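To keep things clear, I will list the structure first and then write my remarks on it.
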Amino acid sequence: MNFVILDLEWNSSYSKKSKGFISEIIEFGAVKFDEDFNITGTFSRLVSPQVGKKLSGKVKELTNISNEELAADGNTYTHVLSKFKKFLSSDDILMTWGTCDILAIMENNEYYNKTADIEFIEKYVDIQRYCAEMLGVYNAGQQLGLLPAAQQVGIDLTDVVRHRALQDSMMSMDIFAKLYDKKKLEDFIETGSELYYRLTFKPYYLTDMNHPLVNKGEFNFVCDKCGGPMRTEKDWALRNRGFIATLFCDRCRRKMTGKVRFKINYNGMSIKKRLLPCEENEDSKESSDNNEEQSAS
């Protein structure tokens, strides 16, 4: 089993053609190694930007890459990507620290090649997630940074060069070496097609009560005061990507509003149920719910 850890640097460039910003890749860096962590090859290439002709001050400060260096030593994105594809063998497992670099490749592919496809990836591991899981700090809503991870595994950061693609890929390898478990790693390997589907999957809500994935049992509510069953006083109706109905507790003589939403995510379906007083302003509450979901996404 051989591994390739890829890291990219990019510049946020405004495209008149796309009428928006693009994460324009300016450097590829990768290290290839075997299961014993013997390095068998490295890859380092600068990419001459075509969208934004000048680097932002922040990018120049972080990377120490200059516009002059890119002009003198850089090649086009398609040329460098082609070289990297040859560097990456079909039996190598490609790794990146988080999926941002893969998303940047997809974005650049879309811009230059009119397709976001990443067909050259056979096997892939999000090394950031793997390391976070191994360290017991995985949080779906918060990413583990490269430097904090290096510190947690005891890597000496003295004189470490940061924000250059090859050096960052080497640091990722050093962290991975500290946490490598062949058997556990198998659970994190996905194919390129699985990765592409996961990254391009758009969550959606089920808005048909007769959809086979809608469990009718989720429309049953119990009173939050006495714990008794509530009956539907008015039929369930679709509103704001979910279902809403007026419910009544015969024991407490209370009228309530029930809400149910079925959301299809990449990893499955999530169900959100709420029981609210009828007098509550439904429209303002729905607006609040939508804002909460957008903040969490």
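The values are calculated or read from the model by the stated rules, or taken from the named source; none is laboratory data. Being a predicted model, the structure only gives us computed values, none of them experimental. Because the Cβ atoms are built from the backbone with ideal geometry, glycine has one as well, and the counts that use them run over all protein chains shown. Accessible surface areas use protein heavy atoms only, side chains included; no ligands, DNA or RNA. Shrake-Rupley method; radii C 1.70, N 1.55, O 1.52, S 1.80 Å.
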note = In Å, the C-alpha Rg and Dmax of segment 39-179 are 16.2, 45
query = Roughly speaking, what is the centre-to-centre gap between segment 224-255 and segment 138-167 when only Cα atoms are used, to the nearest Å?
reply = 51
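Over all directions, the average projected area of the alpha-carbon convex hull for the chain comes to how many nm²?
20.5
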task = Starting from the Cα of S18, step 7 Å along the direction of its Cβ; do the same at N2; then give the gap between the two resulting points in nm.
result = 3.2
task = Find, to one decimal place in angstroms, the Kirkwood hydrodynamic radius of segment 125-267, where the mean of 1/r is taken over every pair of different Cα atoms and then inverted.
result = 19.8
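Average projected area of the Cα convex hull of segment 143-209, in nm²?
So the Cα hull casts an average projection of 7.6 nm².
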inquiry  = Relative contact order of the chain, please, whole-number percent, based on alpha carbon pairs below 8 angstrom and at least 6 residues apart.
reply    = 14
ask   = How long is segment 12-110 along each principal axis, judged by its Cα atoms, biggest number first, in Å?
value = 45, 26, 23
ask   = If you stretched the chain out fully between V137 and N38, how much longer would it get, using 0.36 nm times the residue separation minus the C-alpha to C-alpha distance?
value = 32.8 nm
query = Per residue, how much accessible area does the chain show when a 1.4 Å probe rolls over the protein heavy atoms, in square angstrom?
reply = 54
key: Heavy-atom accessible surface of segment 77-214: percent carbon and sulfur, 1.4 Å   = 48
key: Percentage relative contact order, segment 92-205, counting C-alpha pairs under 8 Å, at least six apart   = 31
query = If you average the sequence gap of Cα pairs under 8 Å that are 6 or more apart and divide by the length of segment 27-143, what percent do you get for the contact order?
reply = 18
query = In a Debye calculation with equal point scatterers on the alpha-carbon sites of segment 94-137 and no solvent, what is log10 I(q)/I(0) at q = 0.20, 0.21, 0.22, 0.27 Å⁻¹?
reply = -0.66, -0.70, -0.74, -0.92
ask   = Dividing the alpha-carbon radius of gyration of segment 5-63 by 2.2 N^0.38 Å (N being the number of residues), what value is obtained?
value = 1.43
